[in-house]
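Every read-out reported here was derived from the displayed coordinates using simple, explicitly stated rules and does not represent laboratory data. Source: prediction; values computed, not measured. No Cβ is skipped: glycine too gets one built from the backbone with ideal geometry, and neighbour counts run over all protein chains shown.
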Amino acid sequence: MKTSEAIGCVVRAATITWKQSKRKDCLRTVWPSGGVTNWSLGRTVRAVEKRKLTLGHSPDPDDAFMFYGLAKGLVDDGGYDFEHILQDIQTLNERASRGELDITAISIHAYAHVCGEYALLPSGASMGDGYGPMLVAREAFSKEEIASLRIAVPGTMTSAFLALQLWLERPGERIDYTVVPFDEIFATVNRGEADVGLIIHEGQLTFENEGLVCCEDLGVWWGRENDGLPLPLGGNVIHKRIDAGERKVVSDVLERSIRFSLDNRAEAVEHSLQYARDMGIDLADKFVGMYVNDWTLDYGDAGRESIRRFLRRGHEMGVVPALPELEFVE
């Protein structure tokens, strides 16, 4: 029986390729189990199995942009098999509180509650540099009026909600709020189920299309109150059950993915459009630029100081239970 006939009799699920060399053609079979048979040598070599790590991030243009290179296999993965888990930020915060994810995007507010189990990665920050979560309504309200109105918020562990508490100078139990998915806040306000909406993500660019007005931009307020520092909104964390050496490898992988997207902006933005919720490419590009930039490559001293101030003020108010010592993967 010819070699090719024998291969066909063994299994049809295998992938068979010819590799040509100067010496002779070599028939290789890649099996579903991961092994590779080199028929010219007559033996099967087991493929090295990559370690699987869960990687949580939100289904939004900025996260899709950041992880484009990694998701499409365009950057070195460091020898890991990353399972991308796309969920909204409140869900990711909750899953991190249970230690379910190896690596995840997280609200800086939520990080204070999981800092014993997770370390911050130096790249992946979302910082509101002169902009941030907004309070929007069908008519303009003052701060004093908003304090007595019903507010739709995207989650109590979001940095937006912590910023709201700091701005109103009162803890959540003294605020009339309702938690709704972030992409339903516009509808909730327009139906009259809430007077004011606390919006995050691309809603900061599209609220006027919904007939709403901005009552306060919390990113602008934070910068005004804190020497021009950016408002720390989100970051990436890695679980400490992964040893320190591996954490550094993973950190480098994620930084490579972000750099790749910044260096190949047009194609990365094109990829992000599938998560852009009716945004055109120009608006998606603007939104990505707001939250994937130099801050995303590294917090720097200013970014780290802003996190410390943000969490310290929350702790002083009593809404951040313990003031964490920031732990970064270095």
Report D for the stretch 82-176 in µm² per second (integer): Stokes-Einstein, Kirkwood Rh on Cα pairs, 4 °C, 1.567 mPa s. 86
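Counting only C-alpha contacts under 8 Å and six or more residues apart, can you give the relative contact order of the chain as a whole percent?
On the way: 604 pairs, mean separation 81.8, N = 330.
Relative contact order here is 25 percent.
Counting only other residues whose beta carbon sits under 11 Å from that of residue 183, what net charge do I get with K and R as +1, D and E as -1? Before the final figure, lay out the partial values.
On the way: positive: 277; negative: 60, 88, 184, 202, 278.
Combined, the nearby Lys, Arg, Asp and Glu give -4.
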Both in Å, the radius of gyration and Dmax of the C-alpha trace of the chain are 24.0, 88
Long-range amide H partners of residue 320, meaning residues 5 or more apart or on another chain whose placed amide H is closer than 5 Å, are 315
Return the long-range amide H neighbours of residue 56 (sequence gap of 5 or more, or a different chain), with a cut-off of under 5 Å between placed amide H atoms. 85, 103, 104, 105
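Arrange 63, 102, 176, 252 by Cβ neighbour counts within 10 Å, fewest through most, would you? Let's see the in-between values first.
Details: 63 26, 102 23, 176 13, 252 16.
The order, fewest Cβ neighbours first, is 176, 252, 102, 63.
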Anyone know which of 317, 157, 66 comes out most mobile in the 10 Å Cα GNM of the chain? 317
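Restricting to the chain, what percent of DSSP beta bridges are antiparallel, rounded to 5? Provide the component values of the computation, followed by the final result.
Numbers: 32 of 47 bridges.
So the antiparallel bridges in the chain amount to around 70 percent.
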Spelling out what I want: for every residue of the stretch 183-196, take phi, set θ = phi - 60°, compute 6.51 cos²θ - 1.76 cosθ + 1.60 (Karplus), and round to whole Hz; glycine and proline get x. 7, 10, 5, 4, 5, 4, 5, 5, 7, x, 7, 8, 7, 9
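What's the exposure ranking of 109, 271, 84, going from fewest to most Cβ atoms within 10 Å?
Arranged by neighbour count, lowest to highest, 109, 271, 84 become 84, 271, 109.
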Can you sort 107, 126, 58, 148 from fewest to most other Cβ atoms within 10 Å of each residue's own Cβ? 148, 58, 107, 126
